[in-house]
1. Out of A:Ser226, A:Ser218, I need the residue that is of a type in the set (Ser, Thr, Tyr) and closer than 23 Å to B:Arg142 by Cβ. Which one?
2. Does any residue in region B:10-23 that is in contact (Cβ under 8 Å) with a residue 24 or more places away in the chain come within less than 9 Å, Cβ to Cβ, of a residue that is acidic (Asp, Glu) and loosely packed, with under 10 Cβ neighbours inside 10 Å six or more places away or on a different chain, and which pairs are these?
3. Restricting region A:38-92 to residues that are part of a helix (DSSP H, G or I) and among the aromatic types (Phe, Trp, Tyr), which is surrounded by the fewest Cβ atoms within 10 Å (Cβ to Cβ)?
4. Being within 30 Å of B:Ile83 (Cα to Cα) and within 14 Å of another protein chain (Cβ to nearest Cβ) is true for just one of A:Leu173, A:Leu219. Which residue is that?
5. Out of everything in region B:71-124 that is among the polar types (S, T, N, Q) and without any contact (Cβ under 8 Å) to a residue 24 or more places away in the chain, what residue ends up being nearest to A:Val206 (Cα to Cα)?
6. Do any helices (runs of 4 or more DSSP H) lying entirely in region A:98-167 carry at least 1 residues that are within 14 Å of chain B (Cβ to nearest Cβ), of a type in the set (D, E, K, R) and closer than 30 Å to B:Phe85 by Cβ, and which ones are they?
7. State yes or no: is B:Ala160 in the same structural domain as B:Pro98 (by TED's automatic domain parsing) and at pLDDT 90 or above?
8. Among the residues of region B:36-57 satisfying the criterion of being away from chain A (no Cβ under 12 Å), hydrophobic (A, V, I, L, M, F, W, C) and within 20 Å of B:Asp6 (Cβ to Cβ), which is surrounded by the fewest Cβ atoms within 10 Å (Cβ to Cβ)?
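The values are calculated or read from the model by the stated rules, or taken from the named source; none is laboratory data. Because the structure is a prediction, the values reported are computed rather than measured. Cβ placement follows ideal geometry from the backbone for every residue including glycine, while neighbour counts extend to all protein chains displayed.
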Amino acid sequence: MFEIFQFDFMQRAFGAGIAIAIIAPTIGIFLVVRRFSLISDTLAHVSLAGVAVAALTGTNAILTAMITTVLAAFGIERLRFSRNIFGESVLAIFLSGSLALSSILFGLSRGRAVGLSSILFGSITTVSPGDVRLIVTLAIIVTVIILALYPKLFAVAFDEEVAQVNGLPVQLLNTVIMILAAMSVALAIRIVGALLIGALMVMPVVAALQWKLSFQKSLWLAIAFSLLAVLSGLFISYYWDLASGGTIVLVALLTFTFSLVMNRR
Amino acid sequence: MPKTSDIIISMRDVSMQYTDTPVLEHLSFRINQGEYVGILGPNGGGKTTLLKLLVGMLHPQQGEVKIFGKPFRDLTASERSTIGFVPQRISEGRIDFPATVAEVVLSGRAPSLGWTRRYRHDDLAAAHSAMEQAGIEQLHDRLLGTLSGGQLQRVMIARAMVNNPTLLLLDEPTVGVDAASQEAFYGFIKELNQDQGMTIIFVSHDIDVVAHEAQTILCVNRTLICHGPSREVLAGDVLEQMYGKKLRSIVHGH
């Protein structure tokens, strides 16, 4: 049963997977409660453009993905506040714009082998030792920032107006959440895939919220669901040879369905 | 003429406009420590803009607003935390926000935490005493989504009170609150004013409520139409001019 851990690549996949399973819903809950769920999806599409740049130039895909998602996060924040554009349309523009850019870049990089489907949907065999170090280190940084800022992030998520009146730097805190979301998206590409990371940030959170708990308990439960999805998803995808991202997200979907059914009124 | 130290808010010749039409023009007034002020005016008369100026969400385009004797941007963090603000009718997003009463009340302490500190015992104690004062301690672990309008309003007050404010500003505090809870609510506000000397400023479009509750009335309809003790204001005919209707029943009823 546990010969799975004899393989170095599986150990790496589990290491990276656990790190992502913890940070995705931790940031996701702040996006979900503010009705920004689609930001994670938009950033996921933006990360594709970063991966395409890596394919062209031969650099580390996680790093280039992170640079593009963080830049896009800044762009989205600026457009949402400084111009008179509806939040949703800003997201739509970034989402399709970056998809268009990636399609061209991937076209140019033809010949330099990139497994496009492993980028889109995740592949546990592609996690290099360097990737694991990078993912785990940055995941720890993200977790520490969230822990330190938790009271302030909560206050701003609940009520921006009053937070501002009482002297919280609302715009800065919003930008911090966006940057952390952008970082998590890039970190998750290897395991969950660029197109499915949004689901891991949103689904465990929405599943946990069905249980009508306090904000803090909801966050713990969301992390538990997320860990369950990633760990069982990795096992299943290994034994049945399935795409890891798809398997993980389907398990997350199951936790959501289960939560929904159990909490029917 | 009150002493300078008693003045908690002063506005001098403040004007604001978003488009070509001015929202507020040449407003000047002072509010003293311990006053209970009702800001009255028709919808669209600039009440909310005025309140946003008072809590520093807007800065005056012309003129000067001072709180505790300083412009808003010069207030220290601890001075800002003693301004309790209860925004207009809890918006949809806040009603079903997945958090308990205790979590929301405690969040009022977040601004004074510094950059890395988490909540400590004194924060929890402050939240507990604010909930007790607002009469909602038995609701502490209830989710916001399960509360009535009156209970929600008390949660918002408790959050504002968690830093022991010297000044409490409320925007249309009882919209969407049933009549019985409304009366209990104003009774509670009056206690804060009389027993603790808290300065209360609330905005309402409801003449009835302002006439019954506030000691001082400030009428705003683009310009400052009246400002004075409520009896004097109600005895005159300014309100009739502003609203275009008779108000004798209110004045006589009290």
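1. Just a single option satisfies the conditions, and that option is A:Ser218.
2. none
3. Step by step, filter region A:38-92, then rank; the result is A:Phe81.
4. Selected residue: A:Leu173, the only one of A:Leu173, A:Leu219 that is within 30 Å of B:Ile83 (Cα to Cα) and within 14 Å of another protein chain (Cβ to nearest Cβ).
5. B:Ser91
6. So the answer is A:129-158, A:160-165.
7. yes
8. Only one residue tops the list, namely B:Val37.
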